[in-house]
1. Is there a residue in the stretch 56-76 that is surrounded by fewer than 18 Cβ atoms within 10 Å (Cβ to Cβ), modelled with pLDDT of 95 or more and of a type in the set (K, R)?
2. Would you confirm, using the coordinates I've provided, whether L136 is under 14 Å from the mean Cα position of the chain (by Cα), open to solvent by 80 Å² or more (accessible area, probe 1.4 Å) and modelled with pLDDT of 95 or more?
3. Would you tally the residues in the stretch 251-285 being at pLDDT 95 or above and open to solvent by 90 Å² or more (accessible area, probe 1.4 Å)?
4. Quickly run through the stretch 146-160 and pick out the residues that are among the aliphatic types (A, V, I, L, M) and crowded, with 23+ Cβ neighbours inside 10 Å.
5. What single numbered condition from (1) under 30 Å from L174 (Cβ atoms); (2) under 22 Å from the mean Cα position of the chain (by Cα); (3) of a type outside the set (S, T, N, Q); (4) surrounded by 18 or more Cβ atoms within 10 Å (Cβ to Cβ) fails to hold for F85?
6. Which one of E294, E321 is surrounded by 14 or more Cβ atoms within 10 Å (Cβ to Cβ) and modelled with pLDDT under 95?
7. Using the structure shown, decide if F173 is under 25 Å from A325 (Cβ atoms) and open to solvent by less than 70 Å² (accessible area, probe 1.4 Å).
8. Please identify the pairs in which a residue from the stretch 264-280 that is of a type in the set (F, W, Y) has its Cβ atom under 6 Å from the Cβ atom of a residue that is in a strand (DSSP E or B) and open to solvent by 20 Å² or more (accessible area, probe 1.4 Å), counting only partners at least 6 apart or on another chain.
Amino acid sequence: MKKTLLATAIIGALGASAAAQAATVYDQDGTKLDIYGRIAMGIAGGGPEYDSQNREIDNSADFVDVFSRLGLRMSHEVTRDLTAFGRLEWRFSGDENNTDGGFNEIRQSYLGLQSDQFGTFQAGNFDSFYNQFVSLPFDVYIDRGLEFASHRKQSRGDSIGYYTPDLEGFTAFLQLKHYSERGQLEGVGTTEEGNVIAPQGGVRYAQGPVTVGLGFVEDVRRVDLNNGSNGGGNGEMLYGLIGQYEFTDQLSARLGYETREDSSSVGGGYDTVGLGGTFTTGPWAFTADYYNIERDNDDTSKAWSAGGYYKVSSAFDVFLEVADADAPSVNSSTTLGDLTDDVYWLTGARYHF
């Protein structure tokens, strides 16, 4: 297909009101291109009333974009066992007239090779493998609610990764993220650490109703000179053991433990235990999770989250989520106001294509 015809096909898919989930705009001679995305908007409110310095925060309700995005999936069959692939995904603000530009983030952009016999290798900007293979059972919320390491943990840019094919239920993975100071003048804009590589890896077992992931992340505290981010690390190792059991097609439960060592220089150690579950019936889905977070040199936190989701059609759903990242302990003196003071809530709708 000529490039002009391919561009026309993409534009046509973007404007098709009947498009649902991913739309294949080209599939010929082993080459395939899918376009996908969602427009999501809602109303959010609540959350902490004060910051760490006891300054009051405006947490009134507001109309918000809920992670709208547009993406492309590309693949080419090199041989019967080897496929080259690429993915590109943008995020945009769908709730307002953004005159500065249509897209505000390149959320994912990576390429790789996949073999049923030898596994998958990829490089670029992608979700943390630790999240994909270990903490994923708890990553069920659209916005807040996940207290284990998320998809950005020591990932998203300048990363390479490999995971094995399914070996009788087992999949091993390894990922390396590079923080670079290439091009910086010595002593000007550089850090004490210099060039740093942050590894993460582990193994997941998924067979029948059981899924268990065991992994580690070297949670480096290294400022990325391009975006000022250090991934929330403290320079110590993070370990996680997280599993899920599906009792039926409708009911599943999950249990996890995650720990990060305390750093003598910046602290930041914690032990987190999480327990939760998901129940589905017809077009409805419900989730609930509870965490106990013990932080070194700080108070223990209780966190909880819950969500309800209704699928109007295969392409359209509505939702309501509530979460409290630092819930008060319940005793005889606790009031309803104490329990709801810092609760964050989000409700809205999404259209998928």
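The values are calculated or read from the model by the stated rules, or taken from the named source; none is laboratory data. Please read these numbers as outputs of a predicted model, since none were measured by experiment. Positions of Cβ are generated from backbone atoms using ideal geometry, with glycine treated the same way; all protein chains shown enter the neighbour counts. Ligands, DNA and RNA are stripped out before the accessible areas are found, and what is left, the full protein with its side chains, is counted by its heavy atoms. Shrake-Rupley method; radii C 1.70, N 1.55, O 1.52, S 1.80 Å.
1. Yes, the conditions are met somewhere in the stretch 56-76.
2. It is true that L136 is under 14 Å from the mean Cα position of the chain (by Cα), open to solvent by 80 Å² or more (accessible area, probe 1.4 Å) and modelled with pLDDT of 95 or more.
3. 4
4. A149
5. Single failed check for F85: (4).
6. After ruling out the rest, the residue left standing is E294.
7. So F173 fails the test.
8. Y270/R260; Y270/R295; F279/L251; F279/F286
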